[in-house]
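Chemist: Right, I'll just put the structure down here and ask away after.
The values are calculated or read from the model by the stated rules, or taken from the named source; none is laboratory data. Since the model is a prediction, treat every value here as computed from it, not as a measurement. Cβ atoms come from the backbone with ideal geometry, glycine included; neighbour counts cover every protein chain shown. Note: accessible area is taken over every heavy atom of the protein model, side chains too, but ligands, DNA and RNA are not part of it. Shrake-Rupley method; radii C 1.70, N 1.55, O 1.52, S 1.80 Å.
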Amino acid sequence: MSFNSLQNDLRDYLQINPNEENNIKRMLKFLKYEKNCFSRTNLSGHFTASAWIIDDTHKWVLMTHHRKLNKWLQLGGHADENENLLQVAHNEAMEESGLVNFTCLSKKIFDLDIHQIPQYKNIPPHFHYDVRYIFKSRMDTDNIVVSKESKDVAWISKDDVLNKNNEASIRRMLIKCEEYK
């Protein structure tokens with residue numbers, strides 16, 4: 001994936017999700033004009049990638065209780081200068097869960113979100129331009145390894161996800177993943 005392919009993927013995503021036009025246009029502008037947009041050294045913001053992971057039965061979602069943000073979220077993280085955000089999402093899923101067998105259900109962008117990250121130690125508040133992909137995995141609870149970035153990683157019943165995190169982007173991904181049954 002390159003700058004151009006991400007730009008094309010975002011434009012394709014806009015065709016399918018015109019109601020998300022504001023965030024998509026912000027991402028396209030950020031991608032075009034911001035130097036080092038894939039590096040966390042860019043203190044105004046940077047691209048991140050996430051994996052929304054469902055199990056084979058489509059009844060469970062793999063989530064992490066993020067240590068710094070103290071929230072249940074999808075797995076993901078910084079691009080660290082890797083422009084292939086699908087690869088970043090896959091790598092972060094493995095790193096943050098200890099699991100390795102993920103099937104990408106679509107190479108197209110599943111969801112996206114722009115959110116502000118609060119100041120942490122000497123890192124000022126900044127924005128994450130998060131591009132999300134959908135994956136499937138066999139529900140494996142025995143081999144989950146909780147990384148130092150998390151308080152916990154667990155399979156959460158879809159019926160319970162909003163009790164863990166009721167943010168709009170989580171609600172949106174829950175709805176969107178129904179299309180993959």
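Chemist: Where the second residue is modelled with pLDDT of 95 or more and among the acidic types (Asp, Glu) and the first is under 10 Å from Thr48 (Cβ atoms) and open to solvent by 40 Å² or more (accessible area, probe 1.4 Å) and lies in region 78-98, which pairs have Cβ atoms under 9 Å and are six or more apart or on separate chains?
Modeler: From region 78-98, the pairs are His78/Glu92.
Chemist: Say we look at region 99-131 and pick out the residues that are surrounded by 17 or more Cβ atoms within 10 Å (Cβ to Cβ) and charged (D, E, K, R); which of these is farthest from Ser5 (Cα to Cα)?
Modeler: Asp113
Chemist: Then there's this: So, in region 1-25, exactly how many residues are surrounded by 15 or more Cβ atoms within 10 Å (Cβ to Cβ) and either touching a Pro at 6+ places or on another chain (Cβ under 7 Å) or touching a residue at least 24 places away in the same chain (Cβ under 8 Å) (or both)?
Modeler: 8
Chemist: Next question, about the same structure. Given Lys151, Lys136, which one is more than 17 Å from the chain's Cα centre (by Cα) and assigned to a strand (DSSP E or B)?
Modeler: None of the other options fit; the residue is Lys151.
Chemist: How many of the residues making up region 96-120 are at pLDDT below 95, outside any loop (DSSP other than H, G, I, E, B) and among the hydrophobic types (A, V, I, L, M, F, W, C)?
Modeler: Matching residues across region 96-120 total 1.
Chemist: Same structure again: Here is a check on your reading of the model: is Ser147 open to solvent by less than 30 Å² (accessible area, probe 1.4 Å), in contact with a helix residue (DSSP H, G or I) (Cβ under 6 Å, 6 or more places away or on another chain) and among the polar types (S, T, N, Q)? Give the steps one after another, and end with the answer.
Modeler: On the way: open to solvent by less than 30 Å² (accessible area, probe 1.4 Å): yes; in contact with a helix residue (DSSP H, G or I) (Cβ under 6 Å, 6 or more places away or on another chain): yes; among the polar types (S, T, N, Q): yes.
So Ser147 passes the test.
Chemist: When you scan region 153-168, do you find a residue that is of a type outside the set (Gly, Ala, Ser), open to solvent by 80 Å² or more (accessible area, probe 1.4 Å) and at pLDDT below 95, even just one?
Modeler: No, region 153-168 has no match at all.
Chemist: Let me ask something else. Would you pick out the residues in region 29-68 that are open to solvent by 50 Å² or more (accessible area, probe 1.4 Å) and more than 25 Å from Met139 (Cα to Cα)?
Modeler: Of everything in region 29-68, those that are open to solvent by 50 Å² or more (accessible area, probe 1.4 Å) and more than 25 Å from Met139 (Cα to Cα) turn out to be Lys29, Lys32, Tyr33, Glu34, Lys35, Asn36, Arg40, Thr41, Leu43, Ser44, Lys68.
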